[in-house]
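Notes follow the structure.
The values are calculated or read from the model by the stated rules, or taken from the named source; none is laboratory data. Keep in mind that this is a model prediction, so the values were computed, not measured. As a convention, Cβ positions derive from the backbone with ideal geometry for all residues, glycine included, and neighbour counts pool all protein chains shown. These accessible areas exclude ligands, DNA and RNA; they are computed on the full protein's heavy atoms, side chains included. Shrake-Rupley method; radii C 1.70, N 1.55, O 1.52, S 1.80 Å.
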Amino acid sequence: MLARPSASAPAPDAEAASAPAESSADVGFARDMAVHHQQAVEMAFIVRDRTTGAAVRRLAFDIINTQANQRGMMLGWLEMWGRAKSSPGPPMEWMGHTVTPRGDGALMPGMATRTELDALRGAKGRDAEVRFLRLMTAHHRAGADMAQAAAAAAGTDEIRNLASGMVAAQRSEVALMADMLRERGATG
């Protein structure tokens with residue numbers, strides 16, 4: 001015997017019918033921030049393997065777990081909304097302007113280039129820590145700007161709440177990384 005759907009459960013197409021528009025801040029942010037977060041996770045894995053410094057490894061661990069989780073949520077929402085996980089248009093178009101990629105693999109503001117990632121992969125110890133902290137500071141600053149725009153423009157509570165939390169968390173980590181750079185005799 002088949003189970004009857006509950007009267008309170010939405011019909012399978014109800015989620016897609018109420019999904020944010022393709023051109024919405026919600027869909028655009030989820031796509032772009034998923035890409036942005038993927039690079040942050042990649043950089044955190046690189047530095048984790050390039051240093052034994054406990055503080056930087058702990059920060060890397062936090063970034064890996066937090067941003068991979070958030071990325072999964074955003075990709076899940078896109079799936080639930082029946083939206084593609086990537087956009088045929090340029091990055092950040094949902095913000096009312098487009099971004100021309102910096103070249104060498106940097107798709108959006110704050111993203112590292114392939115050359116910068118290769119340099120991080122080749123570094124060890126303090127050098128790897130400083131490179132990572134500088135790259136991640138730029139990455140978080142740009143990510144916080146994007147999240148702030150999404151928090152203001154989103155039509156869904158999911159994106160509005162997630163983006164607001166990202167702004168606070170990434171700004172806090174930028175301050176932490178500034179202290180970590182000073183401890184290593186470097187600047188951001």
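In region 86-101, the residues that are outside any helix (DSSP H, G or I) reach residues that are surrounded by 14 or more Cβ atoms within 10 Å (Cβ to Cβ) and basic (Lys, Arg) with C-beta atoms within less than 6 angstrom, at least six apart or across chains, in these pairs: Ser87/Arg31.
Please indicate, with yes or no, whether at least one residue in region 150-169 is surrounded by 18 or more Cβ atoms within 10 Å (Cβ to Cβ), in contact with a Lys or Arg (Cβ under 6 Å, 6 or more places away or on another chain) and assigned to a helix (DSSP H, G or I). Within region 150-169 (the criterion being surrounded by 18 or more Cβ atoms within 10 Å (Cβ to Cβ), in contact with a Lys or Arg (Cβ under 6 Å, 6 or more places away or on another chain) and assigned to a helix (DSSP H, G or I)), the answer is yes, since at least one residue qualifies. Looking at region 148-164, can you tell me whether even one residue there is more than 25 Å from Ser18 (Cα to Cα) and out of contact with any Leu (no Cβ under 6 Å at 6 or more places or on another chain)? Looking through region 148-164, none of the residues is more than 25 Å from Ser18 (Cα to Cα) and out of contact with any Leu (no Cβ under 6 Å at 6 or more places or on another chain). Scanning region 63-83 for residues that are of a type outside the set (Asp, Glu) and free of Cβ contacts under 8 Å to residues at least 24 places away in the same chain yields a count of 5.
Yes/no matrix, rows are residues, columns are (1) modelled with pLDDT of 95 or more; (2) buried (at least 20 other Cβ atoms within 10 Å of the Cβ):
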{"site": "Pro10", "(1), (2)": "no, no"}
{"site": "Pro20", "(1), (2)": "yes, yes"}
{"site": "Ala25", "(1), (2)": "yes, yes"}
{"site": "Gln39", "(1), (2)": "yes, yes"}
{"site": "Arg58", "(1), (2)": "yes, no"}
{"site": "Ile64", "(1), (2)": "yes, no"}
{"site": "Leu75", "(1), (2)": "yes, no"}
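Picking from residues in region 106-131 that are in contact with a Ser or Thr (Cβ under 8 Å, 6 or more places away or on another chain) and hydrophobic (A, V, I, L, M, F, W, C), the one that is surrounded by the most Cβ atoms within 10 Å (Cβ to Cβ) is Ala128.
Out of the residues in region 84-113 meeting the condition of being under 18 Å from Ala147 (Cβ atoms) and in contact with a Lys or Arg (Cβ under 9 Å, 6 or more places away or on another chain), tell me which one is modelled with the lowest pLDDT. Filtering region 84-113 for residues that are under 18 Å from Ala147 (Cβ atoms) and in contact with a Lys or Arg (Cβ under 9 Å, 6 or more places away or on another chain), the one modelled with the lowest pLDDT comes out as Ser87.
Taking first residues from region 147-173 that are more than 18 Å from Pro91 (Cα to Cα) and touching a residue at least 60 places away in the same chain (Cβ under 8 Å) and partners that are crowded, with 18+ Cβ neighbours inside 10 Å and hydroxyl-bearing (Ser, Thr, Tyr), the Cβ contacts under 7 Å between residues at least 6 apart in sequence or on separate chains come to Gly155/Ser24. Can you find even one residue in region 42-56 that is out of contact with any Lys or Arg (no Cβ under 9 Å at 6 or more places or on another chain), in contact (Cβ under 8 Å) with a residue 12 or more places away in the chain, open to solvent by 20 Å² or more (accessible area, probe 1.4 Å) and polar (S, T, N, Q)? Yes, region 42-56 contains at least one residue that is out of contact with any Lys or Arg (no Cβ under 9 Å at 6 or more places or on another chain), in contact (Cβ under 8 Å) with a residue 12 or more places away in the chain, open to solvent by 20 Å² or more (accessible area, probe 1.4 Å) and polar (S, T, N, Q).
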